[in-house]
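Participant: One structure follows; several queries about it will come next.
Just so you know, all these numbers are worked out from the coordinates, no wet-lab data involved. Source: prediction; values computed, not measured. Neighbour counts are summed over all protein chains in view; Cβ atoms, including those assigned to glycine, are modelled from backbone coordinates with ideal geometry.
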Protein chains: 2
Amino acid sequence: MARQERARITRDRLIDAAASTFCRLGYVATTTSDIANEAGATRGALYFHFTSKEKIARAVIEEEQRRAVEAGTHIMALNRSAVETMLLLCTDLARRLRADPIVQAGIRLATENANLDPPLRSPYRQWLETFSAIAARAVREGDFRDNVDPEAFARFLIPAYTGVQLVSDTFTGREDLMLRIREMWTFLFPAVVATDRAQDMQALLDELIPAE
Amino acid sequence: MARQERARITRDRLIDAAASTFCRLGYVATTTSDIANEAGATRGALYFHFTSKEKIARAVIEEEQRRAVEAGTHIMALNRSAVETMLLLCTDLARRLRADPIVQAGIRLATENANLDPPLRSPYRQWLETFSAIAARAVREGDFRDNVDPEAFARFLIPAYTGVQLVSDTFTGREDLMLRIREMWTFLFPAVVATDRAQDMQALLDELIPAE
């Protein structure tokens with residue numbers, strides 16, 4: 001195995017180890033030694049790749065965002081309607097939040113952003129821009145009403161989703177997250193869905209996020 | 001000054017000091033020495049009142065909840081309609097989130113709950129119960145439609161508000177919080193407000209949370 005390949009594998013292992021350590025202990029309580037131990041690596045190896053705990057936290061977030069972009073690109077390539085695309089993005093993130101430590105750590109680092117300086121705005125920005133663009137497409141496709149402001153919609157949806165997953169985590173360890181996301185959309189639809197598309201959109205929601 | 005009175009004053013000072021230290025450093029990074037220093041008290045005085053950092057964190061949250069109940073009781077006593085009461089509770093909490101370190105610390109400890117074991121569900125429970133009861137009254141008063149499920153409404157509103165204030169904190173240090181709360185309600189109203197009350201409710205929103 002080439003030296004570069006070995007270095008890449010070590011770096012990935014350190015990022016995985018950092019994610020699970022941040023999830024277990026939180027950002028502030030985690031030390032670089034904790035991360036090196038968890039990865040079965042030396043602190044020297046860690047410092048070869050990352051010069052500080054903040055650098056490795058940012059690498060975890062970058063990896064989370066890379067996975068989000070990858071998942072998003074895959075969903076976009078399905079060429080579904082804008083509303084279906086939004087529902088798929090929400091349920092896909094919910095699934096990854098429940099199963100992937102990198103995603104759990106990335107979202108936790110973002111919601112506990114006060115620990116990082118400057119605060120982590122870029123993950124929110126990315127979601128805001130994505131949903132704003134898709135909501136504009138939903139208007140063009142006639143599923144959203146003409147008077148819907150796509151930016152305002154994204155500006156409410158992204159924080160709302162952030163809170164929904166946080167409270168679901170607090171109460172049920174995200175067991176009920178899909179149901180809570182379904183509930184969120186039942187409250188959002190009346191504000192945005194075109195009257196003549198209401199039945200179709202409800203059917204779509206029932207199909208993609210069944211009531212149980 | 002009686003000994004009891006002095007003890008109460010010291011206890012309050014320790015809670016204030018803990019709140020500002022938790023806000024500055026986060027829960028995990030804060031030590032009991034940091035809190036004693038901030039309060040200008042000895043660690044002995046701190047341990048006389050609180051046997052652990054977790055105990056003092058819970059005291060901060062209890063004080064935040066006490067202030068929430070006090071503010072809520074004051075707003076309830078105004079005897080306004082259910083919808084007006086909900087809007088007043090939201091804007092009142094927003095004001096206190098911007099001005100009161102105890103409230104900032106209480107909410108931060110609640111949203112970073114993974115650091116505490118068991119997780120902090122009681123602040124959410126209290127808000128959920130309060131808003132569920134008021135939403136039921138909004139249905140009885142005819143401002144909300146008959147088919148609105150008050151519990152489901154509260155189950156979405158409380159997490160949504162949690163996320164809205166968190167993202168507003170991340171982007172603007174809560175400078176834009178009132179506008180974001182207004183935006184939240186413009187998206188919620190179409191899902192719940194009775195058709196014949198839509199104009200009145202919009203007027204109420206414009207009065208209580210002006211667009212600028």
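Participant: Quick one: B:R174, B:R137, fewest Cβ neighbours within 10 Å first, how do they rank? Before the final figure, lay out each step's value.
Facilitator: On the way: B:R174 19, B:R137 16.
Fewest to most other Cβ atoms nearby, the residues stand as B:R137, B:R174.
Participant: So, R0 is 35 Å and r is the distance between the beta-carbons of A:Q202 and B:R137; what FRET efficiency does that work out to, to 0.05?
Facilitator: On the way: r = 28 Å, r/R0 = 0.79.
After rounding to 0.05, the efficiency reads 0.80.
Participant: Please list, or write none, the aspartates and glutamates whose alpha carbon is within less than 20 Å of the alpha carbon of B:K53, excluding same-chain residues fewer than 8 places away.
Facilitator: Leaving aside aspartates and glutamates fewer than 8 places away in the same chain, those within reach of B:K53 are A:E112, B:D12, B:D16, B:D34, B:E38, B:E62, B:E63, B:E64, B:E112, B:D117.
Participant: Roughly speaking, what is the centre-to-centre gap between segment B:137-212 and segment A:176-209 when only Cα atoms are used, to the nearest Å?
Facilitator: 18
Participant: Is segment A:6-101 rounded, prolate or oblate when judged by the Cα gyration tensor, a ≥ b ≥ c being the square roots of its eigenvalues, rounded requiring a/c under 1.5 and prolate requiring a/b larger than b/c?
Facilitator: Working: a/c = 3.26, a/b = 2.29, b/c = 1.42.
Prolate shape, in that a/c is at least 1.5 and a/b is the bigger ratio.
Participant: For B:148-157, what's the mean count of beta carbons from other chains sitting within 10 Å of each residue's beta carbon? Spell out each step's value before the answer.
Facilitator: Values: counts 1, 2, 0, 0, 4, 2, 0, 9, 11, 3.
If you average over the peptide's residues, the count of other-chain Cβ atoms is 3.
Participant: Using only the Cα atoms of chain A, what semi-axes does the equivalent ellipsoid have when each is the square root of 5 times a gyration tensor eigenvalue? Give whole Å, largest first. Display every interim value, and only then the final one.
Facilitator: Numbers: eigenvalues 270, 57, 46 Å².
Semi-axes from the Cα gyration tensor: 37, 17, 15 Å.
Participant: Counting partner chain Cβ atoms within 10 Å of every residue's Cβ in A:22-30, what's the average?
Facilitator: Working: counts 0, 1, 1, 3, 7, 4, 8, 5, 1.
That average works out to 3.
Participant: With a ≥ b ≥ c the root eigenvalues of the C-alpha gyration tensor of the protein assembly as shown, is it rounded (a/c under 1.5), prolate (a/b larger than b/c) or oblate? Intermediate values should be presented prior to the final figure.
Facilitator: Values: a/c = 2.32, a/b = 1.09, b/c = 2.13.
Verdict is oblate for the protein assembly as shown.
Participant: Another question about this same structure. What is the angle, in °, between the Cα long axis of helix B:82-99 and the longest principal axis of the Cα atoms in chain B? Nearest 10 is fine, range 0 to 90.
Facilitator: 30
Participant: For Cα pairs less than 8 Å apart in space and 6+ apart in sequence, what is the mean separation divided by the residue count of chain A, i.e. the relative contact order in percent?
Facilitator: 18
Participant: Considering only C-alpha atoms, what is the centroid distance from segment B:40-66 to segment A:65-88, in Å?
Facilitator: That distance is 47 Å.
Participant: Shape of segment A:1-51 from its Cα gyration tensor (a ≥ b ≥ c, root eigenvalues): rounded if a/c is under 1.5, otherwise prolate when a/b > b/c, or oblate? Show your work: numbers first, answer last.
Facilitator: Working: a/c = 2.68, a/b = 2.01, b/c = 1.33.
Prolate.
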